[in-house]
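*Asks:* Okay, handing you the structure first.
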Amino acid sequence: MNRRDFLKYAFMGAGVIYSGAWITACGGGGSSGVQKNPLYIPSDSGLLGYFYPQNRFDMTAQPSYFEILPGKQTRMLTYTVSANGKTYYNPIIVLRSGQNFDVNFQNNIGEKSIIHWHGFRADWESDGHPSYAVGSGNSYNYPTINIIDRSGTYFYHPHPHGKTGYQVYHGLASMIIIEDTDEDNLKTTLDLQYGITDIPLIIQDKTFDANGNLVYNPLGMNGIMGFWGEQVLVNLTPNPYMNVERRIYRFRLLNGSNARPYRLVLLRGSQRMRFWVIGVEGGLLEAPVQVSEILIAPGERIDILIDFRDVNVGDVLRLYSLQHNLVGMGGMSGLINREFEVLEFRVTQDSNYNGNIPQTLSTINPISTTQQQTFTLDMNNGVFTINGQVWNDSDPLADYGYNFNNGDKVEIIFVNNTPMYHPMHLHGFQFQIISRTNSPQVIDNLAIDTNGRMATDLGWKDTVIVGPGETVKIAVDMTHNFGREQVYLLHCHILEHHDAGMMVNYRVSALSAL
Ligand code: C2O
Ligand code: CU
Ligand code: CU
């Protein structure tokens, strides 16, 4: 049996069950006749409102109701903040590099939870490790986090073991934007403003019942494929469109889905249009990269620019997700291998805008590694494993044998022996992607250099797509200033894989070995 056959066999043998459901927003040839809704764009309060914390504040996870489908109330879970006389739900938190970030988390959702600040470098007692989860009715006051990360689009969501998929799916997820001087320059050059020309696009797939309530039924035995929703929402808007002017816009894409990756193109009719990748999880790239297609997996953030001066007033562009082969499951393509529209742009107005895409955005120093650590991803009896191990929930601080010294520069090698992609994520440190080998076609097609990397593999990352059968090398500089041993997580960001135990602890000593 060769490797490809093995991959196919592995999945069929697992007896995966899936519902025959599919994406309802699919727009096949263009005019699908679906009712389109204006994209929800946040302002300075309410859902996703931009919130600029200066002092310690309270954030309460609690049930709340939103009208997502017209005329129906959906029970969700949201992070609620009352501050400055305003109420925010899942605020987009805007921070300045160097400032302190102080949060009191209050859990009122009826089960254990804790917030993880995905992408931040923070002492592990503020990182949302599952050992810090608190029961409903309880609170956790995060020790002060000094923001040392670069400008970029970050992510926050719950991290209690075994319940992350359920809680994120029910709504607990939003963005953090960090600003610094690189960001100030970009903002000035391109005349960008939050909620007007700098727009969050939080992409999630959800399934609703006839009453508008969320249905959560991960696919397959033990949720092998994770949860794939029937309807794709952007900022919780079904079938969204956005009116734009002929000028440059910046979009901050966050894949907040539990399991679904998106293979995104920008179409005018069937013509592919260009756009630019300017940033990923750890902030701005050194320079913009022009592309015509990107992959974005759960947990990843990709900042893009679109120049609507490439088209005319009256034109319609569609952000569209194509079929892909990131999940090798033979004939079971009903829900997975579909193409569908994500967002429609209607170019409604000309403008006298004269901004140009800058040549440089930031400076990134490459990491030179001095040691290696391999993590092999396998599937055993319907459970995904990392070096043969699964998370031990009865001992959340278990030692999995990954002990590093402060200051170690480690080449991590992910080897995927499964028929499914895994977006691998590290807490504690951002990393750089070195190379990809044995990549599936959909990744190989996007390679922009001889190391097999995609445009979205450049810069500082915290989550990396590892395709079925693929080997991916990354470089991590494990230097920290937290004054004690750190316990961080390494896990798959398909939330059902993570909940089923595709996660390990790794430790980094307090002091440098040197
Ligand atoms: Cu966004 Cu440990 O995850
Ligand atoms: Cu994280
Ligand atoms: Cu996975």
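The values are calculated or read from the model by the stated rules, or taken from the named source; none is laboratory data. This structure is a prediction, so every number in the text was calculated from the model and none was measured. Cβ: placed from backbone, ideal geometry, glycine included. Neighbour counts: every protein chain shown.
Residues checked against (1) within 26 Å of Glu344 (Cα to Cα); (2) modelled with pLDDT under 95:
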| site | (1), (2) |
| --- | --- |
| Arg4 | no, yes |
| Phe11 | no, yes |
| Ser19 | no, yes |
| Ile23 | yes, yes |
| Cys26 | yes, yes |
| Tyr40 | yes, no |
| Gln99 | no, no |
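*Asks:* Let me ask something else about it. Out of all the residues in the stretch 137-178, which are within 11 Å of ligand 1 (Cβ to nearest atom) and closer than 30 Å to Thr363 by Cα?
*Replies:* Tyr154, Phe155, Tyr156, His157, Ala173
*Asks:* Of the numbered conditions (1) in contact with a strand residue (DSSP E or B) (Cβ under 6 Å, 6 or more places away or on another chain); (2) more than 16 Å from ligand 2 (Cβ to nearest atom); (3) of a type in the set (S, T, N, Q), Thr463 fails exactly one; give the number of that condition.
*Replies:* The single condition Thr463 does not satisfy is (2).
*Asks:* List every residue pair whose Cβ atoms sit under 6 Å apart, with the two residues 6 or more apart in sequence or on different chains, where the first one lies in the stretch 41-57 and is assigned to a loop (DSSP other than H, G, I, E, B) and the second, anywhere, is of a type in the set (Lys, Arg).
*Replies:* Sorted first by the residue in the stretch 41-57, then by its partner, the pairs are Ser45/Lys86.
This table checks each residue for (1) farther than 22 Å from Ile494 by Cα; (2) surrounded by fewer than 21 Cβ atoms within 10 Å (Cβ to Cβ).
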position	(1), (2)
Glu281	no, no
Val289	yes, yes
Arg338	no, yes
Phe345	yes, no
Thr360	yes, yes
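*Asks:* Among the numbered criteria (1) at pLDDT 95 or above; (2) loosely packed, with under 15 Cβ neighbours inside 10 Å, which one does Gln323 miss?
*Replies:* For Gln323, the failing item is (1).
*Asks:* Something else now. List pairs: first residue in the stretch 484-513 and acidic (Asp, Glu), second residue assigned to a strand (DSSP E or B) anywhere in the structure, Cβ distance under 8 angstrom, at least six positions apart or on different chains.
*Replies:* Glu485/Arg507; Glu485/Val508; Glu485/Ser509; Glu485/Ala510; Glu496/Gly226
*Asks:* Scan the stretch 288-297 and give yes if some residue there is free of Cβ contacts under 8 Å to residues at least 24 places away in the same chain and part of a strand (DSSP E or B), otherwise no. Before you say what the answer is, go through the steps one by one.
*Replies:* Filtering the stretch 288-297 down to residues free of Cβ contacts under 8 Å to residues at least 24 places away in the same chain leaves 290.
Restricting the remaining residues to those that are part of a strand (DSSP E or B) gives 290.
Among the residues of the stretch 288-297, at least one is free of Cβ contacts under 8 Å to residues at least 24 places away in the same chain and part of a strand (DSSP E or B), which makes the answer yes.
*Asks:* Tell me the residue from Ile92, Ile114, Ile68 that is within 16 Å of ligand 2 (Cβ to nearest atom), at negative phi and surrounded by 14 or more Cβ atoms within 10 Å (Cβ to Cβ), please. Spell out the reasoning first.
*Replies:* Numbers: Ile92 fails: within 16 Å of ligand 2 (Cβ to nearest atom); Ile68 fails: within 16 Å of ligand 2 (Cβ to nearest atom).
Every option except Ile114 fails the conditions.
*Asks:* Same structure, new question: Output yes when any residue across the stretch 137-159 is closer than 15 Å to His427 by Cα, surrounded by fewer than 22 Cβ atoms within 10 Å (Cβ to Cβ), away from ligand 2 (no atom under 14 Å from the Cβ) and of a type in the set (S, T, N, Q), and no when none is.
*Replies:* Scanning the stretch 137-159, I find no residue that is closer than 15 Å to His427 by Cα, surrounded by fewer than 22 Cβ atoms within 10 Å (Cβ to Cβ), away from ligand 2 (no atom under 14 Å from the Cβ) and of a type in the set (S, T, N, Q), so the answer is no.
*Asks:* Could you figure out which of (1) buried (at least 17 other Cβ atoms within 10 Å of the Cβ); (2) not assigned by TED's automatic domain parsing to the domain that holds Asp477 isn't true of Asn365?
*Replies:* With respect to (1) buried (at least 17 other Cβ atoms within 10 Å of the Cβ); (2) not assigned by TED's automatic domain parsing to the domain that holds Asp477, Asn365 is out only on (1).
*Asks:* So, one more: Looking at the stretch 453-469 only, could you name the residues that are buried (at least 22 other Cβ atoms within 10 Å of the Cβ) and more than 19 Å from Arg301 (Cβ to Cβ)?
*Replies:* Matches in the stretch 453-469: Gly467, Pro468.
*Asks:* Look at the stretch 125-136 and say how many of its residues are away from ligand 1 (no atom under 12 Å from the Cβ) and within 14 Å of Arg507 (Cα to Cα).
*Replies:* The initial filter retains those residues of the stretch 125-136 that are away from ligand 1 (no atom under 12 Å from the Cβ), namely 125-126, 131-136.
Pick out the ones that are also within 14 Å of Arg507 (Cα to Cα) and you get 125.
The number of residues fulfilling the criteria is 1.
*Asks:* Okay, moving on. Return a yes/no flag: does the stretch 134-144 have any residue that is of a type in the set (A, V, I, L, M) and within 23 Å of the chain's Cα centre (by Cα).
*Replies:* If we filter the stretch 134-144 for residues that are of a type in the set (A, V, I, L, M), which is where we start, we get 134.
Within this subset, residues satisfying the condition of being within 23 Å of the chain's Cα centre (by Cα) are none.
Checking the stretch 134-144: not a single residue is of a type in the set (A, V, I, L, M) and within 23 Å of the chain's Cα centre (by Cα).
*Asks:* Still on this structure: Can you name the residue in the stretch 236-290 that is at positive phi and of a type in the set (Gly, Ala, Ser) and, of all such residues, is farthest from the chain's Cα centre (by Cα)?
*Replies:* Applying the first criterion (at positive phi) to the stretch 236-290 yields 236, 239, 269, 283.
Imposing the further condition that a residue be of a type in the set (Gly, Ala, Ser) reduces the set to 269, 283.
Details: Gly269: 28, Gly283: 13 Å.
Only one residue fits best here, namely Gly269.
*Asks:* For the stretch 313-327, what are the residues that are in contact (Cβ under 8 Å) with a residue 60 or more places away in the chain and not in a strand (DSSP E or B)?
*Replies:* Val313, Gln323, His324, Asn325, Leu326
*Asks:* Test of understanding: among Ile434, Ile443, Ile412, Ile448, which residue is farther than 15 Å from Gly299 by Cβ, of a type outside the set (Asp, Glu) and within 16 Å of ligand 1 (Cβ to nearest atom)?
*Replies:* Values: Ile434 fails: within 16 Å of ligand 1 (Cβ to nearest atom); Ile443 fails: within 16 Å of ligand 1 (Cβ to nearest atom); Ile448 fails: within 16 Å of ligand 1 (Cβ to nearest atom).
So the residue among Ile434, Ile443, Ile412, Ile448 that is farther than 15 Å from Gly299 by Cβ, of a type outside the set (Asp, Glu) and within 16 Å of ligand 1 (Cβ to nearest atom) is Ile412.
*Asks:* Can you list the strands (runs of 3 or more DSSP E) lying wholly within the stretch 331-433 that have 3 or more residues being under 30 Å from Leu233 (Cα atoms) and at pLDDT 95 or above?
*Replies:* Numbers: elements: 340-349, 371-380, 383-386, 403-406, 408-416, 422-426.
Correct list: 340-349, 422-426.
*Asks:* Moving on to the next point. Name the strands (runs of 3 or more DSSP E) wholly within the stretch 107-192 that hold at least 1 residues that are of a type in the set (Phe, Trp, Tyr) and not assigned by TED's automatic domain parsing to the domain that holds Ser394? Walk me through how you get there before you give the answer.
*Replies:* On the way: elements: 115-118, 139-141, 152-158, 174-179.
Because the criterion is at least 1 residues that are of a type in the set (Phe, Trp, Tyr) and not assigned by TED's automatic domain parsing to the domain that holds Ser394, the strands (runs of 3 or more DSSP E) in the stretch 107-192 that meet it are 115-118, 139-141, 152-158.
*Asks:* In the stretch 260-279, which residues are in a strand (DSSP E or B) and in contact with a helix residue (DSSP H, G or I) (Cβ under 7 Å, 6 or more places away or on another chain)?
*Replies:* Residues of the stretch 260-279 in a strand (DSSP E or B): 262-268, 271-272, 275-279.
Of everything in the stretch 260-279, those that are in a strand (DSSP E or B) and in contact with a helix residue (DSSP H, G or I) (Cβ under 7 Å, 6 or more places away or on another chain) turn out to be Arg263, Val277.
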